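The values are calculated or read from the model by the stated rules, or taken from the named source; none is laboratory data. What you are looking at is a predicted structure, and each value in this text was computed from that prediction instead of being measured. Cβ atoms come from the backbone with ideal geometry, glycine included; neighbour counts cover every protein chain shown. SASA here: full protein model, heavy atoms, side chains in, ligands and nucleic acids out. Shrake-Rupley method; radii C 1.70, N 1.55, O 1.52, S 1.80 Å.
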Amino acid sequence: MTRTLIGTSLQHYVLGLFAVANNVAAIPLFLALTRNLSPKEHLKVCNIATLTSFATMVVSLFTGVAVLNFFEIGIPAFRIAGGLLLLKTGFSMMSVNNEKFEPSVVNNSLSDVISTAIIPIGIPLTTGPGTMSTIILFSSSSTRDLNSHLVILVAIAIVTAVIWLSFLKAPIIARVLRSTGLDVLTKIFGLITLALGVQFILTGLSTTFPNLLG
């Protein structure tokens, strides 16, 4: 029973994080930045962007609830605020059009490219406020013991591996999916993000006003 519960929780965490921490929207910019780089430099930028995303998610997991407590922000209020943020993120993903993407940074030095790999590719295109909010809410909804945090950490590691692989194989992904495919994939994840945001808001409202949705 416990193994089934952990498996279900892990699947829930992975799907939730994958929806909000996907780097599909960052692939066109990543391709523009790495267009003139050697394979070794491409791998370095890929590693830095992915490491930035991983560090952001881990910090959110282990310090997010403490920050909320410090500012005396209740979990229901943060859940509603996080849901609204996810709604905004989801709507922006639904309206994205990769065909109109025109990179402004192509011939910069490697140091400039690495800086851009951290911001905005790592933060906020791959792991933005919506991802941080989702991880904090997952953490607050768990039993807050070591096992539950380890399950969320495993989910973060799985999503990080997918992000790294997506950046590493970005040229192949772009060739296979083309602009239309990237656009459709981004909108699918946008729809999942919207649904996740609505669920967070409903849960926050039901906790704050038990009789409202009963």
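Condition first: under 14 Å from the mean Cα position of the chain (by Cα) and open to solvent by 10 Å² or more (accessible area, probe 1.4 Å). Now tell me which residues in the range 25-49 satisfy that.
Scanning the range 25-49 gives a single hit, 25.
Report, by residue number, each residue of the range 162-177 that is in a helix (DSSP H, G or I), under 22 Å from the mean Cα position of the chain (by Cα) and free of Cβ contacts under 8 Å to residues at least 12 places away in the same chain. If the condition is that a residue be in a helix (DSSP H, G or I), under 22 Å from the mean Cα position of the chain (by Cα) and free of Cβ contacts under 8 Å to residues at least 12 places away in the same chain, then 165, 172, 177 are the ones that fit. Being over 18 Å from residue 74 (Cα atoms), open to solvent by less than 20 Å² (accessible area, probe 1.4 Å) and assigned to a helix (DSSP H, G or I) is the filter here; which residues of the range 128-150 pass it? Hits for the range 128-150 are 131, 148. Does the range 92-100 contain at least one residue that is under 30 Å from residue 41 (Cβ atoms), among the charged types (D, E, K, R), assigned to a helix (DSSP H, G or I) and modelled with pLDDT under 75? Checked against the condition, which is being under 30 Å from residue 41 (Cβ atoms), among the charged types (D, E, K, R), assigned to a helix (DSSP H, G or I) and modelled with pLDDT under 75, the range 92-100 yields at least one hit.
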